[in-house]
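First comes the structure, then the notes that go with it.
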Amino acid sequence: MSFSELGLAPELLRALDSEGYTQPTPIQAKAIPLVIGGQDLLAAAQTGTGKTAAFTLPILHRMSSTAPRPLPRVLVLVPTRELAAQVGESVRTYGRHLPGFRTAVIFGGVGMNPQIDQFRRGIDIVVATPGRLLDLMQQGVAKLNGIETLVLDEADRMLDMGFIHDIKRVLKALPAKRQNLMFSATFSPEIRELAQQFLHQPVSVDVAPRNTPAELVAQRAHPVDKARKTALIAHLVKQGDWKQVLVFTRTKHGANRLSDQLAREGIATAAIHGNKSQNARTKALADFKAGDIRVLVATDIAARGIDIDQLPHVINHELPNVPEDYVHRIGRTGRAGSPGEAVSLVSGEEREYLRDIQKLLKREIPSTVVPGFEPGSQPSEAELSSRAAQPADRGPRPAQQPSHHRRGASPGQGHNHNGHRGKPAGGGGQPRHGQGARKPSGRPQRHGASNRPR
Ligand code: AMP
């Protein structure tokens with residue numbers, strides 16, 4: 001099956017050609033004709049299946065054959081800022097030979113005025129997180145009574161993040177007669193209820209994930225003392241000459257600290273999490289994709305929706321206490337059929353988490369000790385002196401402490417790309433300095449609603 005057999009407009013085929021896509025993924029092959037036909041859709045599809053193009057392409061196709069409208073015609077609701085930015089980018093990429101369609105990406109944590117200006121100038125496709133969109137609706141700026149197609153992307157994530165009321169309030173403002181497309185990786189009773197409430201005789205489309213982590217991602221665990229995890233990461237990255245590594249930490253502060261420490265080792269790195277301004281996060285992600293940053297350190301929430309083709313390495317600095325989060329994390333690699341590798345650093349107190357994860361995966365993750373990093377062994381002199389120089393060990397740091405570093409940046413002289421010193425975006429307050437470094441922490445907390453975008 002080819003894209004032209006799906007009946008897509010020539011301008012879209014040209015864009016797909018330049019992207020190098022030769023054939024539709026299963027979700028695209030199933031969904032595109034249905035959406036072109038005007039059906040409501042309930043699709044079970046995870047990130048990595050090509051779901052974004054599965055709704056973006058037929059939507060652009062339908063718009064291309066109709067006259068322009070004064071008000072927005074398409075609304076895509078997404079759970080996170082990162083996903084909003086990525087969907088917006090996809091719409092622009094696939095629609096680049098269809099001039100005249102204006103796309104706006106709307107999310108919280110950034111100034112509202114440019115978004116207000118965009119609505120005033122006119123938008124055709126709105127990609128938004130629910131909170132900020134509601135704010136703009138309440139101000140009378142976002143008028144949604146012209147919406148013809150609604151997409152709920154990653155609906156399960158939106159419910160997980162507590163967006164249900166916001167979603168319902170947005171839906172109330174839309175015309176009753178419209179096309180609805182809902183994408184979700186999982187189908188809980190809550191998702192089914194939501195689907196029942198707002199989809200009209202939907203066609204269900206279900207595709208196996210394009211890659212199942214257990215098959216495509218090589219996984220391994222390294223038992224190691226907690227205090228030596230950072231040194232082990234630096235060792236793995238340098239020894240293996242790894243160029244693009246996504247490292248997960250449990251806390252925002254942990255992400256900053258690890259990023260600081262790796263910078264000290266001469267590794268170009270940046271941290272992204274909910275306390276970073278949106279601009280800093282976008283910049284860090286762009287630098288990472290461009291290869292200017294070798295290690296991107298992220299918390300679970302910040303990493304959601306990060307889509308990097310052929311990301312080769314994921315490291316878990318700590319294991320998540322929720323086994324499903326492990327699957328989401330390692331799913332960041334092994335995309336589009338390329339092999340990926342997921343490494344988990346497991347301290348004594350995390351062994352229980354590893355057992356839970358293996359139970360969920362129904363397979364054992366091979367566990368090997370890295371020579372020189374045996375649990376209970378002594379760190380080298382160099383490692384000790386590097387650790388002694390850590391800012392966290394010298395007490396609290398100022399709030400604007402940089403955590404975005406260039407290769408070779410001398411300690412403490414890194415810089416935050418946009419010079420952001422203001423209120424942290426995304427809520428959650430400042431990190432508590434010094435936390436988690438020297439005292440053993442209890443069971444980690446799940447990230448809560450404080451990180452959700454407004
Ligand atoms: P998604 O599931 O929408 O997050 O897409 C996952 C990745 O697959 C993205 O990086 C897309 O650029 C890529 N992709 C989407 N459709 C195709 C296709 N038909 N062929 C190859 N890659 C694709």
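Does Val203 count as over 24 Å from the mean Cα position of the chain (by Cα) and either surrounded by 15 or more Cβ atoms within 10 Å (Cβ to Cβ) or at pLDDT 95 or above (or both)? In short, yes. Filtering segment 206-221 to residues that are modelled with pLDDT of 55 or more and either closer than 21 Å to Ile233 by Cβ or crowded, with 20+ Cβ neighbours inside 10 Å (or both) leaves Val207, Pro213, Leu216, Val217, Ala218, Gln219, Arg220, Ala221. The sole residue among Lys243, Lys177 that is more than 20 Å from Ala382 (Cβ to Cβ) and free of Cβ contacts under 8 Å to residues at least 24 places away in the same chain is Lys177. Of all residues in segment 27-46, count the ones that are more than 11 Å from the ligand (Cβ to nearest atom), without any contact (Cβ under 8 Å) to a residue 60 or more places away in the chain and part of a helix (DSSP H, G or I). Residues flagged as more than 11 Å from the ligand (Cβ to nearest atom), without any contact (Cβ under 8 Å) to a residue 60 or more places away in the chain and part of a helix (DSSP H, G or I) within segment 27-46 amount to 2. Inside segment 109-121, residues that are open to solvent by less than 40 Å² (accessible area, probe 1.4 Å) and more than 26 Å from Met161 (Cα to Cα) make up a count of 1.
Inside segment 147-171, can you point out the residues that are over 21 Å from the mean Cα position of the chain (by Cα) and open to solvent by less than 20 Å² (accessible area, probe 1.4 Å)? Listed by number, the residues that qualify are Ile147, Thr149, Leu150, Val170.
Checking each residue in segment 2-17 for being within 12 Å of the ligand (Cβ to nearest atom), open to solvent by 20 Å² or more (accessible area, probe 1.4 Å) and either outside any helix (DSSP H, G or I) or of a type in the set (Gly, Ala, Ser) (or both) picks out only Ser2. Entry remark, segment 47-62: residues being more than 6 Å from the ligand (Cβ to nearest atom) and polar (S, T, N, Q) number 1 in total.
Scanning segment 67-80 finds no residues that are near the ligand (Cβ under 10 Å from one of its atoms) and open to solvent by 10 Å² or more (accessible area, probe 1.4 Å). Of all residues in segment 172-195, those satisfying the criterion of being surrounded by fewer than 21 Cβ atoms within 10 Å (Cβ to Cβ) and out of contact with any Asp or Glu (no Cβ under 7 Å at 6 or more places or on another chain) are Lys172, Ala173, Leu174, Pro175, Ala176, Lys177, Phe187, Pro189, Glu190, Arg192, Glu193, Ala195. At least 1 residues being of a type in the set (S, T, N, Q) and closer than 24 Å to Glu352 by Cα is the threshold, and among the strands (runs of 3 or more DSSP E) wholly inside segment 224-323 those reaching it are 313-316.
Restricting Asp135, Asp124 to those that are open to solvent by less than 20 Å² (accessible area, probe 1.4 Å), modelled with pLDDT of 95 or more and more than 18 Å from the chain's Cα centre (by Cα) reduces the list to Asp124. Among residues of segment 61-83 that are touching a residue at least 40 places away in the same chain (Cβ under 8 Å), those with a Cβ under 6 angstrom from a residue that is open to solvent by 10 Å² or more (accessible area, probe 1.4 Å) and basic (Lys, Arg), sequence gap 6+ or separate chain, pair up as Leu71/Lys143; Pro79/Arg157; Thr80/Arg304. The residue that is farthest from Thr52 (Cα to Cα), among those in segment 92-129 that are part of a loop (DSSP other than H, G, I, E, B) and aliphatic (A, V, I, L, M), is Met112. Of all the criteria given as (1) within 24 Å of Gly20 (Cα to Cα); (2) within 23 Å of the chain's Cα centre (by Cα); (3) away from the ligand (no atom under 16 Å from the Cβ); (4) not hydroxyl-bearing (Ser, Thr, Tyr), the one not satisfied by Ala85 is (3).
When Arg62 is tested against (1) over 25 Å from Gly331 (Cβ atoms); (2) buried (at least 24 other Cβ atoms within 10 Å of the Cβ), only condition (2) is not met.
The values are calculated or read from the model by the stated rules, or taken from the named source; none is laboratory data. Quantities reported herein were computed from a predicted structural model and do not represent experimental measurements. Quick reminder, even Gly has a Cβ in these numbers, built from the backbone with ideal geometry, and neighbours come from all protein chains shown. Note: accessible area is taken over every heavy atom of the protein model, side chains too, but ligands, DNA and RNA are not part of it. Shrake-Rupley method; radii C 1.70, N 1.55, O 1.52, S 1.80 Å.
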